[in-house]
Every structure is written in structure tokens, then in C-alpha cells.
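The values are calculated or read from the model by the stated rules, or taken from the named source; none is laboratory data. Keep in mind the model is a prediction, meaning the values are calculated, not measured. Glycine also receives a Cβ, built like all others from the backbone with ideal geometry; neighbour counts cover every protein chain displayed. All accessible areas refer to the heavy atoms of the entire protein, side chains included, with ligands and DNA or RNA removed. Shrake-Rupley method; radii C 1.70, N 1.55, O 1.52, S 1.80 Å.
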Amino acid sequence: SRILPEQSLQIAEAILGAGPRAEPRSVLGRNLGTYDSRGIRYRDDLEGVARDRVINHELGHAIDEISGQIKSDGIKSELARLYSGGVSGNFERTRNLTLPEHVGYSKAEADREMMAEAIRIYMTDPNYLKTVAPKTAKRIRETVNTNPKIARTLQFNSLMAGGILGGMAYDAEAEK
């Protein structure tokens with residue numbers, strides 16, 4: 001099951017010791033959000049779904065970094081398609097993909113950007129990720145689920161269940 005926006009905030013707090021912070025555009029520059037030694041920060045003019053997507057993407061960076069940078073060898077084509085779909089909104093495209101280099105990132109940053117986006121998608125739509133990018137889903141599970149700093153708060157599962165926060169699974173009935 002997917003991670004809800006309020007659960008993402010709790011996951012960030014549990015893993016990083018502080019939740020995401022809103023910052024003015026003057027502080028973040030062209031970035032919509034960042035993850036660094038100061039934690040997750042996002043632009044204060046973002047609202048709703050846009051804010052949630054940025055926070056989850058930056059949380060993806062945090063999870064990737066704390067996990068020791070998840071290896072991308074053997075899954076780059078899946079990562080590229082996921083990234084392109086996440087950025088463009090068109091997950092059906094298989095050619096002329098939008099890659100990190102097309103939106104201002106260097107080649108050296110590309111793998112980390114694609115992995116952060118894959119983690120974001122896994123958190124918000126786990127069944128989609130497991131269906132279209134099974135190797136990526138497996139790599140994320142193998143790396144993240146064995147990391148003691150993350151595993152006590154978040155688990156990516158291979159069955160129909162998705163992330164678990166604090167031992168509490170997402171309850172679809174409660175959301176209704």
C-alpha cells in the first residue's frame with residue numbers, strides 16, 4: 001500500500017530526526033527542494049500534490065544516501081523510464097525519455113536523481129513500480145530493507161503490501 005503524505009513526514013522525522021522544512025525561494029534558488037546535512041527542505045510556495053511530490057522525492061534522496069547509494073548497474077533502463085514518467089507525467093513513453101541531464105542535472109548526478117524518483121514512486125505507488133520495474137523494486141528492497149536505520153521505520157515489500165510505518169499498515173477503510 002502507498003505511503004500517505006502525512007506518513008512521509010513521519011518517516012522523514014524518524015529517519016532524519018527532523019521533518020521537512022519550508023524555505024523561501026530566495027534560500028533554495030532554482031531548486032524546488034533539497035536534501036543535505038540540514039535535512040529535507042522544500043519551497044514554501046509549493047502546495048498540495050506538488051509539495052508532497054517534492055518532499056517524497058527528497059525523502060528518496062535521504063533513503064538512497066543513508067542506504068549507501070543504491071547501485072544502479074543493470075537497472076538503468078528501468079530507472080530512466082521511471083524518471084521520465086515521473087518528470088513528464090507520461091509513463092507510457094519508451095523513447096525520447098526526459099532524463100536528469102535534460103532538466104539541468106549533470107551526468108554525475110543522474111543516477112542519484114533517477115534513484116530518488118524511483119524510491120518516490122515506490123512509496124506512492126508500490127504496485128506500479130513492482131509491475132513496470134521489477135528489478136529496480138528488488139534492488140531497492142534488498143538495499144533499504146537491510147539498513148537498520150531505515151528498516152525499523154520503513155519496509156518495502158515484494159507482496160501486495162507496501163511500506164509500513166511504525167508497524168502500522170495503510171488502512172484503505174480509514175481513508176474512506
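Of all residues in the range 47-56, those that are in contact with a strand residue (DSSP E or B) (Cβ under 8 Å, 6 or more places away or on another chain) and surrounded by fewer than 17 Cβ atoms within 10 Å (Cβ to Cβ) total 0.
In this structure, does residue 51 turn out to be in contact with a Ser or Thr (Cβ under 7 Å, 6 or more places away or on another chain) and either at pLDDT 95 or above or under 24 Å from residue 140 (Cα atoms) (or both)?
Numbers: in contact with a Ser or Thr (Cβ under 7 Å, 6 or more places away or on another chain): no; either at pLDDT 95 or above or under 24 Å from residue 140 (Cα atoms) (or both): yes.
Here the answer is no, as residue 51 does not meet what is asked.
Could you list, in sequence order, all residues of the range 22-44 that are loosely packed, with under 12 Cβ neighbours inside 10 Å and either touching a residue at least 40 places away in the same chain (Cβ under 8 Å) or farther than 20 Å from residue 113 by Cβ (or both)?
So in the range 22-44, the residues loosely packed, with under 12 Cβ neighbours inside 10 Å come out as 24, 26, 29-30, 36-38.
Once the filter is applied, which keeps residues that are loosely packed, with under 12 Cβ neighbours inside 10 Å and either touching a residue at least 40 places away in the same chain (Cβ under 8 Å) or farther than 20 Å from residue 113 by Cβ (or both), the range 22-44 yields 24, 26, 30.
Sub-8 Å Cβ pairs linking a first residue in the range 117-144 that is touching a residue at least 40 places away in the same chain (Cβ under 8 Å) to a second residue that is open to solvent by less than 10 Å² (accessible area, probe 1.4 Å) and charged (D, E, K, R), at least 6 apart or interchain, are 119/64, ordered by first then second residue.
Take the conditions more than 15 Å from the chain's Cα centre (by Cα), surrounded by fewer than 16 Cβ atoms within 10 Å (Cβ to Cβ) and modelled with pLDDT under 95 and apply them to residue 135. Does it pass? When the stated conditions are applied, residue 135 does not pass them. For the range 66-97, taking the residues that are within 13 Å of the chain's Cα centre (by Cα) and free of Cβ contacts under 8 Å to residues at least 40 places away in the same chain, the one that is surrounded by the fewest Cβ atoms within 10 Å (Cβ to Cβ) is identified as 87.
Scanning the range 1-45 for residues that are in contact with a strand residue (DSSP E or B) (Cβ under 7 Å, 6 or more places away or on another chain) and polar (S, T, N, Q) gives 1, 7, 10, 34. Any residue at all in the range 105-114 that is buried (at least 20 other Cβ atoms within 10 Å of the Cβ) and aliphatic (A, V, I, L, M)? Yes, because at least one residue in the range 105-114 is buried (at least 20 other Cβ atoms within 10 Å of the Cβ) and aliphatic (A, V, I, L, M).
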